[in-house]
Each structure stands twice: as C-alpha cells, then as structure tokens.
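What follows is a set of notes on a single structure, which appears directly below.
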Amino acid sequence: MRKHLQLFRALWRATEKIAAECQANGGRIAMEWPTGCAYWNDQSVREFVAKYSLDRVDFNGCILGLVSEIDGKPLKKPWTVKSNSSQIILHLRDAVCKHYPYEHRQVKGSDAKMSENYTDNMVDRIHSAWSAEVSKTGLTNPPSQFAFCDAVTTAEYSVQRRVAMAALNA
C-alpha cells in the first residue's frame, strides 16, 4: 500500500503541473474516478478541486452502456467527474441510473476489471463535450489546452510508473 501511495503522490504532482499549464493557457480540466474512490478525500485533491473551481457531476455506467461480460446485465458503476468545463458537466449529468436495483449485476470479478474502461457512449459524450467547449470558448489548439485526469489502475501501473519516474526526474 505504501508503494501505491508513493506512486499516487508522484503522479499527482505531475498532474498538478500539467493542470497548471493547461489552466495558464486558457484550457479546461476534468478528472474522473469512481464515486467512492478514496482519492476524492485526499487533502491535495480537495485543494486542487477548490483551486481550479471544479464542479462535480455524478453518473452511472449502466446508462452509458456498461454491461456485464457474463450475462449482459447493466453494471451500475458510479463515476464522478470534477471539471471546470461546463460542457463536460452538461454532457454527463443526465446519465443517472433509472433501473430497478434487481436489473443490475454486481460489479465484481472480471466485470470489475472490465469496468475500469470507458464505454463507447461515455467516450462519445466526452468528445462531444470537448468539441462543444472548444466551439463555445473559441480555443484554437484544443489538444494542448485540455487535461483529463484518470485513476491509477493496476493495468496502467507500468506505464504510469515510467511517467512518474520521468516527472520525478524533471
């Protein structure tokens, strides 16, 4: 656990640098983790959210097409995004579960691992939101003016470890 937290701290410092540059250039910031993720309560994350005036939107994977690989039942997985992009908030805020509880499969096992990925519907909404944000704000070079921060997952560990090591050496 200690190594995981060290990695998180290194990645978070790099995230803070990227976000500062993004904001300084007129960009927008959006970060996503599962709603119950402990990182949301981390002091440095709370300060970051306040510093950049990030608004919160909660939504559910089942509405965005997240289904079990086992039986195709919807997976309710609760996600949270905090962003200073009004379009990100707008494009995700209606994705709230309307199913009865018995209609879901519990997110566990292979479904838990698979649920770390975004659905096509979620990706389409995020892309549409960024496009709308660019149109609304008149940004001319969107790839360098947006930061979307994601959770540290086991699958990404080796890539993110290299990124963290590079950030520590920078």
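The values are calculated or read from the model by the stated rules, or taken from the named source; none is laboratory data. Keep in mind that what you see is a predicted model, and the values were worked out from it rather than measured. Note: ideal-geometry Cβ built from the backbone for every residue, glycine included; neighbour counts use all protein chains shown. Accessible surface is based on the protein model in full, side chains and every heavy atom, while ligands, DNA and RNA are left aside. Shrake-Rupley method; radii C 1.70, N 1.55, O 1.52, S 1.80 Å.
Quick notes
- Positive-end residue of 59, 130, 119, charge dipole of the range 52-147 with Cβ unit charges: 59
- Charge dipole magnitude, Cβ of K and R +1, D and E -1 - the range 1-133, Cα centre, debye nearest 20: 480 debye
- Rounded, prolate or oblate (a/c below 1.5 giving rounded, otherwise prolate when a/b exceeds b/c) for the range 1-147 by Cα gyration tensor: oblate
- Peptide ranges 84-92, 36-44 listed from the most packed, as the mean C-beta count within 10 angstrom indicates: 84-92, 36-44
- In order through the range 39-54: 3J(HN,Hα) via Karplus (6.51 cos²θ - 1.76 cosθ + 1.60), integer Hz, x for Gly, Pro: 4, 4, 8, 5, 4, 5, 5, 4, 5, 4, 4, 5, 4, 9, 6, 7
- Difference of contour (0.36 nm per residue) and Cα-Cα distance, residue 99 to residue 5: 30.3 nm
- Legend: calculated FRET efficiency, residue 70 to residue 24, from the Cβ-Cβ distance at R0 = 30 Å, rounded to 0.05, equals 0.05.
- Computed label-point distance, nm, for sites residue 110 and residue 90 using a 7 Å Cα→Cβ extension: 4.1 nm
- Cross-link pairs beyond the 28 Å C-alpha cut-off, checked among 113/136; 17/136; 17/98: 113/136; 17/98
- Expressed as a whole percent, the accessible surface of the range 1-103 that belongs to carbon and sulfur atoms is 54, based on a 1.4 Å probe.
- Using a Förster distance of 35 Å, the FRET efficiency for residue 43-residue 117 (Cβ separation, nearest 0.05): 0.75
- The residues of the range 27-141 expose, per residue, 52 Å² of accessible area to a 1.4 Å probe.
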